[in-house]
Amino acid sequence: MDVTFRIRRFNPEVPGKNKPYWQEFVLKDVDPTDRVLELLHRIKWEQDGTLTLRRACAHGVCGSDAMRINGVNRLACKVLAKDVGERIQIEPILGLPVLKDLVVDMEPFFAHYRSVMPYFINDTAVPADGRERRQTQEDREKFDDTTKCILCACCTTSCPSFWANGEYVGPAAIVQAHRFIFDTRDEGSKERLGILAEPNGVWRCRTIFNCTPACPRDIQVTRAIGEVKLAIQRGSREGVISEGVGPIAVSNS
Ligand code: SF4
Ligand code: F3S
Ligand code: FES
């Protein structure tokens, strides 16, 4: 089949191309099972070498090729041509500064990630037998879902609250915080909950739900955010997940 791509272009260094514009490319003999990333490579290698995009693994692992495909945040390496049709519109993800074509500046996103202390904290001595810190399988399962995050930014850049206010820490950072907050071996949960209780923390989430279907790892993002909200309301992570989230009150802050 033939496929027409409509791609949002921008090059700050070239006069005439230093404002966003659309460009079309036609690809012939596309196999329905070709992935969108492969087709973008064909455009770059066969038609216009200046087309700029970010990618690495090509297998849905590194999270580097998030883009808007027909208006929806996806990883280009996970989308088949047959699933998006014969006209495919490609844009950079929203809410982050565009550097060139489909490449955005990820630094604001990673600054939010760093702000939630996304690392294991435990200053107590290791067990006397020298073995690893243990937890029950049930406790491990409490944060199993949020360990799957690959920091692709599909969730945060699909969130209207983030579009409206880039200071909002965003769903990806909350997912990363969740992974440690609910780890019974970690001792930094109170500090993280304090960070996320700040005005640009979890209460900026208005439960719009764009983030959950955007996640290529099928993480229950909105649920994780709800669990963090409940832990903040209670002042503790204890009992939050085993009891379920229930209705979440939305702060007016
Ligand atoms: Fe990407 Fe999902 Fe992680 Fe968000 S939660 S950054 S969508 S993998
Ligand atoms: Fe945004 Fe997801 Fe909350 S889309 S408002 S972070 S539920
Ligand atoms: Fe690594 Fe798509 S290129 S996730």
Checklist entry - Of the chain, which part is the longest with no trypsin sites (Lys or Arg not before Pro) in a loop (DSSP not H, G, I, E, B) and with at most 10 other C-beta atoms within 10 angstrom? => result 135-253
Checklist entry - Karplus couplings for segment 34-41 from phi (6.51 cos²θ - 1.76 cosθ + 1.60, θ = phi - 60°), rounded to Hz, Gly and Pro as x? => result 5, 8, 4, 4, 4, 5, 5, 4
Checklist entry - Once you treat every alpha carbon in the chain as an equal point and sum by Debye, what is log10 I(q)/I(0) at q = 0.07, 0.15 Å⁻¹? => result -0.29, -1.02
Item to check | Neighbour net charge for ARG134 - beta-carbon separation under 13 angstrom, K R +1, D E -1 | outcome: -1
Next on the checklist: Please compute the length gained on full extension between LYS82 and ASN122, using 0.36 nm multiplied by the number of residues separating them and subtracting their Cα-Cα distance.
Outcome noted: 9.5 nm
Next on the checklist: Between ARG114 and LEU99, what is 0.36 nm times their sequence separation minus the Cα-Cα distance? Round to one decimal in nm.
Outcome noted: 3.2 nm
Checklist entry - When only C-alpha pairs under 8 Å and at least 6 residues apart count, what is the relative contact order of the chain, in percent? => result 16
Checklist entry - If R0 is 35 Å, what FRET efficiency do you get for GLU107 and HIS59 from their C-beta distance, rounded to 0.05? => result 0.90
Next on the checklist: Is there a quick way to get the dipole size of segment 71-224? I mean about its Cα centre, with the Cβ of Lys and Arg at +1 and of Asp and Glu at -1; what is the value in debye to the nearest 20?
Outcome noted: 260
Checklist entry - With each run of n ≥ 4 DSSP H residues scored as -39500 (n - 2.57), what mean residue ellipticity at 222 nm is computed for the chain after dividing by its residue count and rounding to the nearest 500 deg cm²/dmol? => result -7000 deg cm²/dmol
Checklist entry - Looking at the chain, which longest stretch skips every one of the GluC sites (Glu not before Pro) that is in a DSSP loop with at most 15 other Cβ atoms within 10 Å, leaving the sites themselves out? => result 14-85
Checklist entry - Once the other residues with Cβ under 11 Å from the Cβ of HIS59 are scored (Lys, Arg +1; Asp, Glu -1), what is the net sum? => result +2
Next on the checklist: For segment 1-159, give me the percentage of DSSP beta bridges that are antiparallel, rounded to the nearest 5 percent.
Outcome noted: 80
Checklist outcome for this item: Counting sequence-distant residues (5 or more places) and residues on other chains, those with an amide H built under 5 Å from that of CYS215 are none
Next on the checklist: I'd like to know which of CYS149, ALA56, THR4 lies farthest towards the positive end of the charge dipole of the chain, counting +1 on Cβ of Lys and Arg and -1 on Cβ of Asp and Glu.
Outcome noted: THR4
Checklist entry - THR207: net charge of surrounding residues, Cβ under 12 Å, Lys/Arg +1, Asp/Glu -1, itself excluded? => result +4
Checklist entry - Where does each of HIS178, HIS41 land when they are ordered by accessible area, with a 1.4 Å probe and the largest first? => result HIS41, HIS178
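The values are calculated or read from the model by the stated rules, or taken from the named source; none is laboratory data. Predicted model, so just to flag it, every value in this text is computed and none were measured. No Cβ is skipped: glycine too gets one built from the backbone with ideal geometry, and neighbour counts run over all protein chains shown. In case anyone asks, the SASA skips ligands and DNA or RNA and just uses the protein heavy atoms, side chains included. Shrake-Rupley method; radii C 1.70, N 1.55, O 1.52, S 1.80 Å.
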